[in-house]
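Please read the structure below before turning to the comments.
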Amino acid sequence: MQSQPKFRFFFGSTIALACFVGMIGNTGVLLFAGTGVLIKPLTEEFGWSRGDVSLALTLLTVGIAVGVLVSGKLIDRYGSRRVLCASILLSLLVILTGPLYIATLPLFYTMMLLAALVGAPTNTIGYARVISDWFDKRRGLFIGINSAGIGLGFTLAPLVCNWAVGVGGWRAGYVSLGLFLLFIVFPTVYFFLIDKPEDVGMLPDGAPISASNQQQATDTSGHLSLGEALRTRVFWLMIIIMACIAFSLNGIFSQLAALLTDRGIDMTTAALVVSTMGISMAVARVVVGYIIDKLFAPMVAVAVFILVLAGVGLLIYGQHLTLYIIAAILMGIGIGTESDLMVFLTGRYFGLRHFGTIFSWVFIAHMTGTSLGPYIMGSSFDIHGNYIPILQVCLGLLALSTVLFAFLGRYDQYTRREK
């Protein structure tokens with residue numbers, strides 16, 4: 001009898017580690033957070049305006065959205081590990097060589113756009129597929145842990161860049177990001193990531209493969225293709241929900257400090273309130289991830305976003321710092337919950353065979369909302385002189401999303417096999 005290969009260490013530990021580190025160093029996080037520190041050095045050397053430099057971040061977002069469309073198909077065909085390793089190597093190559101040729105704005109934009117396109121698989125989609133393949137009963141929890149890596153990346157990238165700028169200017173800042181990918185992220189993903197538990201003789205959640213369940217492990221007849229998903233009600237409900245939530249909450253998050261200072265709160269305190277929102281976001285990723293493993297996720301979402309609605313209401317009508325802090329906590333929970341649900345619900349409703357392809361469309365809806373939210377929030381302030389009208393719009397969009405969660409229906413309505 002042929003012996004089955006054994007999994008190294010505790011079940012799933014290396015998978016969780018590889019995905020967590022990968023999410024810390026995903027291209028979007030590193031460049032978005034790192035460039036924020038490099039805005040002033042770039043404007044001082046080249047005479048560009050802050051708006052000129054900030055436009056590169058918009059191009060970064062657009063590039064990721066375009067790249068994700070191709071990434072999903074590649075991941076479904078070749079597996080996450082191959083695609084992620086290639087993506088990381090190409091990303092670090094673009095980032096490390098960028099300082100050698102950046103001398104004009106078009107060249108700067110070219111670097112950011114190229115890095116976004118080749119680094120698209122590292123932005124959630126690749127690691128989400130691995131987590132979904134490896135975990136079933138604890139999928140929500142590990143999705144939450146995986147997503148928490150994004151928060152740590154947003155914390156580390158500015159610190160690393162700031163230290164490097166002190167050593168060698170803005171060029172050293174980008175070089176430090178490339179070296180982080182080369183010496184930390186790539187080795188971790190290359191040596192520790194495994195596409196599927198079947199590759200090491202196991203099933204999701206650690207069950208060993210036997211002759212009796214081998215067919216079950218490989219049978220994907222109940223999993224939907226992109227074309228089949230496009231013909232379902234749930235797919236379009238998810239697109240609407242994710243776009244509305246991303247637009248509303250990320251838009252509010254981007255303007256929260258300015259909104260609070262407009263109401264007479266000093267900048268230091270406003271920054272503390274914003275950081276409170278970030279902390280609740282990180283905690284919610286793990287806690288809500290754990291809960292949706294135990295309870296029906298759409299109903300958990302309804303409960304969570306009722307709290308979020310209360311938070312936005314407090315922000316609109318509240319007149320006290322304590323109420324703003326509570327509002328920030330509640331809205332942070334919403335942002336954290338959305339990212340978990342985006343991955344979890346895609347796998348539950350449509351299966352995993354074409355997960356990357358289907359998830360790429362859900363992710364683009366999320367990115368579209370994230371891109372438009374801050375711009376429209378700021379433009380609304382320019383028109384009205386305050387944020388109240390756009391906050392009321394966000395309240396309406398979040399209420400719509402909360403209601404739509406209740407209409408998603410049971411998980412197996414499309415993936416159950418015909419008897």
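Quick notes
- Packing rank of 226-235, 361-370, where each peptide gets the mean count of other beta carbons within 10 Å, highest leading: 361-370, 226-235
- Scaled radius of gyration (Cα, divided by 2.2 N^0.38 Å) that the stretch 1-154 gives: 1.19
- Residues of the stretch 268-300 falling in the label zone of Asp205, defined by backbone nitrogen less than 16 Å from a point 7 Å along Cα to beta-carbon, are 290-297.
- Here the chain was treated as a single set of alpha-carbon atoms; its pair distances binned every 10 Å from 0 give 5, 22, 31, 26, 13, 3, 1, 0 percent.
- Sorted peptide list for 147-157, 342-352, 125-135, criterion being average Cβ within 10 angstrom, highest first: 125-135, 342-352, 147-157
- The modelled label-to-label distance between Ser49 and Asn162, using points 7 Å beyond Cα along the C-beta direction, is 2.8 nm.
- Relative to one another, the C-alpha centroids of the stretch 341-363 and the stretch 86-152 are positioned 18 Å apart.
- Separation in nanometres of the label points that stand 7 Å from Cα toward Cβ, at Ala303 and Val66: 4.3
- Gain on full stretching of the segment that runs from Glu198 to Val274 - 0.36 nm per residue minus C-alpha separation: 23.0 nm
- Summed residue charge, Cβ within 15 Å of Leu295's Cβ, Lys/Arg positive, Asp/Glu negative: +4
- Given charges at Cβ of Lys, Arg, Asp, Glu: the chain dipole, positive-most of Ala297, Ala399, Ala116: Ala297
- For the stretch 46-133: rounded, prolate or oblate by the Cα gyration tensor [a/c cutoff 1.5]: prolate
- The heavy atoms of Ser339 offer some 20 square angstrom of accessible surface to a 1.4 angstrom probe.
- Summing charges over all other residues whose Cβ lies under 12 Å from the Cβ of Leu84, with Lys and Arg as +1 and Asp and Glu as -1, gives +2.
The values are calculated or read from the model by the stated rules, or taken from the named source; none is laboratory data. Please read all numbers here as calculations on a predicted model, not as lab measurements. Note that we place each Cβ from the backbone using ideal geometry, even for glycine, and neighbour counts take in every protein chain shown. Each accessible area value is taken on the protein alone, full model and side chains, heavy atoms only, with ligands, DNA and RNA left out. Shrake-Rupley method; radii C 1.70, N 1.55, O 1.52, S 1.80 Å.
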